[in-house]
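What follows is a set of notes on a single structure, which appears directly below.
The values are calculated or read from the model by the stated rules, or taken from the named source; none is laboratory data. A quick note: this is a predicted structure, and the numbers were derived from the prediction, not measured. Cβ coordinates were reconstructed from backbone atoms using ideal geometry, including for glycine residues, and neighbour counts include every protein chain displayed. Accessible surface is based on the protein model in full, side chains and every heavy atom, while ligands, DNA and RNA are left aside. Shrake-Rupley method; radii C 1.70, N 1.55, O 1.52, S 1.80 Å.
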Amino acid sequence: DYCRFIDYVGWDELVEKGIEDEIENFTDMTIEDLKQYLMNDGELQGYLFQCLECGKYCLYADCA
């Protein structure tokens, strides 16, 4: 139910962490679009959270 904030992320940061296939996508965007547009400090900023109960990663995004 509760998630903790992990970091601001782009697609590259998700790949570096090795979790790009493990995220619960709450952005309403396709993975292909996220790969192309999600950039840390870019026009589409990602916010990575992790569930305190199950450990699953959750991704939200916002346009600048």
Notebook entry, point to check: Hey, among the residues in region 43-64 that are small (G, A, S) and within 15 Å of L14 (Cα to Cα), which one's most open to solvent (accessible area, probe 1.4 Å)?
Noted result: A61
Note to self: For a quick check of your reading of the model, give me the residue pairs whose first member lies in region 5-23 and is exposed (fewer than 13 other Cβ atoms within 10 Å of the Cβ), whose second is part of a loop (DSSP other than H, G, I, E, B), with beta-carbon atoms closer than 6 Å and at least 6 apart or on different chains.
What the structure shows: Y8/N40
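Are any residues in region 16-44 in a strand (DSSP E or B) and closer than 14 Å to I6 by Cβ, and if so, which ones?
Our first condition is that a residue be in a strand (DSSP E or B); within region 16-44, this holds for 23-25, 38, 44.
I23, E24, listed by residue number.
Take the conditions exposed (fewer than 12 other Cβ atoms within 10 Å of the Cβ), out of contact with any helix residue (DSSP H, G or I) (no Cβ under 6 Å at 6 or more places or on another chain) and at negative phi and apply them to E32. Does it pass? Don't jump to the end; show me each part of the working.
Values: exposed (fewer than 12 other Cβ atoms within 10 Å of the Cβ): yes; out of contact with any helix residue (DSSP H, G or I) (no Cβ under 6 Å at 6 or more places or on another chain): yes; at negative phi: yes.
For E32, the condition - exposed (fewer than 12 other Cβ atoms within 10 Å of the Cβ), out of contact with any helix residue (DSSP H, G or I) (no Cβ under 6 Å at 6 or more places or on another chain) and at negative phi - is met.
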